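The values are calculated or read from the model by the stated rules, or taken from the named source; none is laboratory data. Keep in mind it's a predicted model, so treat the numbers as computed, not measured. Positions of Cβ are generated from backbone atoms using ideal geometry, with glycine treated the same way; all protein chains shown enter the neighbour counts. Heavy atoms of the whole protein, side chains included, go into the accessibility calculation; ligands, DNA and RNA do not. Shrake-Rupley method; radii C 1.70, N 1.55, O 1.52, S 1.80 Å.
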Amino acid sequence: MKPIVVNALKPGTLRFGQLRRHVPEAARKVLTEQLRELEKIKFIIGRCRQDWERVEYALTPYGRTLVRF
């Protein structure tokens, strides 16, 4: 599922709900775990916007170097 998430983030920043639409077969818990793992290895970054409920995910510069466009 990680490749699907990374592919969804290629064009730009997405919120959690938008990412869920890219992987509708994934449970919320599984997607959250995958996002945390990608954040841990510095492949993506999750940024809070306005309040804690609006987290936006984007590829880091390191993540972009490993993705072919």
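Please turn the phi angles of segment 8-19 into ³J(HN,Hα) values with the Karplus equation 6.51 cos²θ - 1.76 cosθ + 1.60 (θ = phi - 60°), one per residue in order, whole Hz, x for glycine and proline.
These are the phi-based 3J(HN,Hα) values: 5, 8, 3, x, x, 6, 9, 7, 4, x, 5, 5 Hz.
Using DSSP to define loop residues, name the trypsin sites (Lys or Arg not before Pro) in segment 32-69 whose beta-carbon has at most 14 other beta-carbon atoms within 10 Å.
Loop-located and lightly packed - Lys42, Arg68.
Largest first, please: the extent of the C-alpha atoms of the chain along each principal axis, to the nearest Å.
Taking the Cα atoms of the chain, the three principal extents are 29, 28, 21 Å.
Rounded to the nearest percent, how much of the accessible area of the chain (1.4 Å probe, protein heavy atoms only) is carbon and sulfur?
It is 52 percent, rounded to a whole number.
With every protein chain present, what is the per residue accessible area of the chain (1.4 Å probe, Å²)?
Dividing the accessible area of the chain by its residue count gives 72 Å².
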